[in-house]
1. Report the full-extension gain for the segment residue 353 to residue 394: residue separation times 0.36 nm, less the Cα-Cα distance, to one decimal in nm.
2. Order these by the 10 Å Cβ neighbour count, fewest first: 348, 163.
3. Return a whole-number percent for the relative contact order of the chain, with Cα pairs under 8 Å and 6 or more residues apart as the contact set.
4. If Rh is defined by the Kirkwood formula over all Cα pairs and Rg also comes from Cα, what ratio Rg/Rh do you get for the chain?
5. Any idea how far apart residue 364 and residue 376 come out in nm if each label point goes 7 Å out from Cα toward Cβ?
6. Determine, for 186, 149, the number of other Cβ atoms within 10 Å of each Cβ, and report the residues in order from fewest to most.
7. Please compute the Kirkwood hydrodynamic radius over the stretch 300-383, one decimal place, Å, based on all pairs of different Cα atoms.
8. Grab the DSSP H runs of the chain that are 4 residues or longer, score each as -39,500 (n - 2.57), total them, divide by all residues and round the 222 nm result to the nearest 500 deg cm²/dmol.
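Just so you know, all these numbers are worked out from the coordinates, no wet-lab data involved. Keep in mind that this is a model prediction, so the values were computed, not measured. Heads up, the Cβs are rebuilt from the backbone with ideal geometry, glycines too, and the neighbour counts pull from every protein chain shown.
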């Protein structure tokens, strides 16, 4: 007859074995992708991130960059070590960052839901082609997401332990949030969700934890502010660009930096007043047509939500456009055959399947938890992070990449829905 300890060991060993298998599969898929595909850096932000990174580490940057600095430091250091413009090290390092994200998703799903949910979530992100493609992209998200989801996972683990959260643990969560904010300044206000959750969780005892979290956060974020003041005599917290993105949200969207400046009426003499002018133009546009602004923002946010991230990796005609043209003008079997024979049809279709499957299952999982108010408040950091990005980009311009940070969170909620009643019962036990 097996002893209790042996039974306990067997119970724990299976999920751990599953997780090692998941990591192995995730590693192989991502390595295969980065080794067998050619990076496309002809457009987007990659070239700028590489150039600014070198300027920053060589101290050749003439002014304080509006881009959050951590990823620039990363690109500058990697290029200094392995050669300017060498993309191979970035793609191999991205495999490690992607594995870190798989581990963070597993830890977050286990902390807020259950081990079963965590295993499902880890499998979903390991096999998800959107995240596999992301491992080959030299963009901020590869570093930002492990920091953000890691902070959510640590916060969930620390606040659910029986002995309660300690102030060093709160400070470590704040430091991780600070690293996320210095990677993408869009996360600068994200700690407010953690503060609200601590107030709900610990009531009067929350203030010391909140102070520790904010001290850890500020120590990281303000290091760049202090450096900017000393080096360029410029005051900036994390990064800038809010005004430009607010302005983008009032018109047709991105058309290039020079085109955007011309559209806003910015001249060479206004180079140090860009944010002021963008904000002024945005407020003027909103005031002149508030209804049109609301409709434009709603349409932009909906379009960005329904378009899978990373479809631009595949060349050729848009699968969505092909289908819409067929649906609106043809609807014949021959026309459908042309859609099915479109460029990279099956890979693109897999992105849509994973995107919409995660989105709808995630919404269902969110709803199931929200119907139990204790569970909702217990999982507030996850709910709040999703709402944070959608609320922010209801004001600022939205594209699939900007909403991509929520994909890992939708995936956790989708896993909870797939885990079924057991996951919710586990939540109730933890929330009680």
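1. 12.3 nm
2. Details: 348 23, 163 6.
Ranking 348, 163 by Cβ neighbours within 10 Å, fewest first, gives 163, 348.
3. On the way: 541 pairs, mean separation 77.5, N = 432.
In percent, rounded to a whole number, it is 18.
4. Values: Rg = 22.9 Å, Rh = 23.4 Å.
On the Cα set of the chain, Rg over Rh gives 0.98.
5. Those two pseudo-labels are separated by 2.1 nm.
6. Working: 186 24, 149 29.
If I rank by nearby Cβ atoms, fewest first, I get 186, 149.
7. On the way: mean 1/r = 0.0659 Å⁻¹.
Evaluated over the stretch 300-383, this radius sits at 15.2 Å.
8. Working: 22 runs with 321 residues, N = 432.
Only helices count here, giving -24000 deg cm²/dmol.
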